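Following: one structure in structure tokens, then a few remarks.
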Amino acid sequence: MADWESTFAELVAVRGPALRAHAYLLTGDPATAGDLVQEALLRVFGRLRLGTDIDQLEAYVRRVILNLYVDERRRAKRWNDTRHLLADEPVQGDDHLVDANAVRQALSGLSPKQRACVVLRYYEDLTVLEIADQLGCAEGTVKRHLADARTRLASQLGVTEESVR
């Protein structure tokens, strides 16, 4: 077995569930998250020069997942702007599912950068500086995205902004 094959197998076995969870939080859909992880792994392991450090490879795959997500959201937004939008049916069921669906729905209303900032800040527990490095933008831009996202989430979920912080 080639070096890259054993490294790939180890990365998928050890960090695969965490990578899928990361992608799921960004996309809100398990199938799309799986596709996103596969595409990211394909792009990372399609390169000829790779190291064998699992932590570095995982960070690289996460970065590719984030970039793929943001790019896809941009394309989807352009597409959605050119076609008729249909209203979604309200979800009924147990309160926990309704709450989870409300959060997913509210997250889907954010811009790709806002959603990425929220996921990186509150799920990945990254600092503003680390998020800025991940997204390749200024700290002030990340703070603005987070503030806008918190305001929008608070209004959509019907909570006060103080409880969102």
Item to check | Residue-level accessible surface for Thr32, protein heavy atoms, 1.4 Å, Å² | outcome: 70
Next on the checklist: Counting other C-beta atoms within 10 Å, and keeping those with at most 14, which DSSP coil trypsin sites (Lys or Arg not before Pro) do you find in region 1-79?
Outcome noted: Arg47, Arg49
Checklist entry - Of all accessible surface on region 98-160 at a 1.4 Å probe, what whole percent is carbon and sulfur? => result 52
Item to check | Accessible surface, region 98-160, averaged per residue in Å² (probe 1.4 Å) | outcome: 51
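The values are calculated or read from the model by the stated rules, or taken from the named source; none is laboratory data. The structure presented is a predicted model; accordingly, all values stated were derived computationally and were not measured. Positions of Cβ are generated from backbone atoms using ideal geometry, with glycine treated the same way; all protein chains shown enter the neighbour counts. Just the protein is used for accessible areas: all its heavy atoms, side chains included, with ligands, DNA and RNA removed. Shrake-Rupley method; radii C 1.70, N 1.55, O 1.52, S 1.80 Å.
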